[in-house]
Amino acid sequence: MPKRILQGTVVSDKGDKTVVVSVERRFTDPVMKKTVRKSKRYHAHDASNEVKVGDMVEIRECRPISKLKSWEVISGAAE
């Protein structure tokens, strides 16, 4: 089964080898017919501690690493 890949912004890098990534999605509300922005935060594994707050990164689904972490950073570029 292919692994999901999401793109988002790093909002926290305080944990060791862990970053929190905010991923935003846009969709049309079925009742109001307006475009809605919804965001969700994912804990992702960053083995080298190289990404910082504000970086745009891609995260990929992986096996559970801890209670909250089941995503890993695959690419990160500073803005």
The answer for the net charge of residues other than R26 whose Cβ lies under 13 angstrom from its Cβ, with Lys and Arg +1 and Asp and Glu -1, is +3
Per the rule of 0.36 nm per residue minus the C-alpha distance, extending S75 to K3 adds in nm 24.4 nm
Expected unfolding gain across S12-I65 under the 0.36 nm per residue rule, minus the alpha-carbon gap, is 17.3 nm
Among [x] 3, 11, 9, 9, 9, 7, 7, 7, 7, 5, 6, 5, 4, 4, 3, 2, 2, 1, 0; [y] 3, 16, 26, 22, 13, 9, 7, 3, 1; [z] 3, 15, 28, 27, 16, 7, 3, 1, 0, the entry matching P(r) over Cα pairs in 5 Å bins from 0, in percent as calculated here is [y]
Residue separation between M56 and S39 times 0.36 nm, minus their alpha-carbon distance, gives in nm 4.7 nm
Filtered pair list for region 5-77 (Lys only, Cα < 26 Å, 8 or more apart or interchain) has a length of 17
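Between beta-carbons, use under 9 Å as the cut-off and find the net charge around C62, counting Lys and Arg +1, Asp and Glu -1.
+2
Every number in this text was worked out from the coordinates using simple rules, so none of it is lab data. On a predicted model such as this, the values are computed, not experimentally measured, just so you know. Virtual Cβ from ideal backbone geometry, glycine too; neighbours counted across all protein chains shown.
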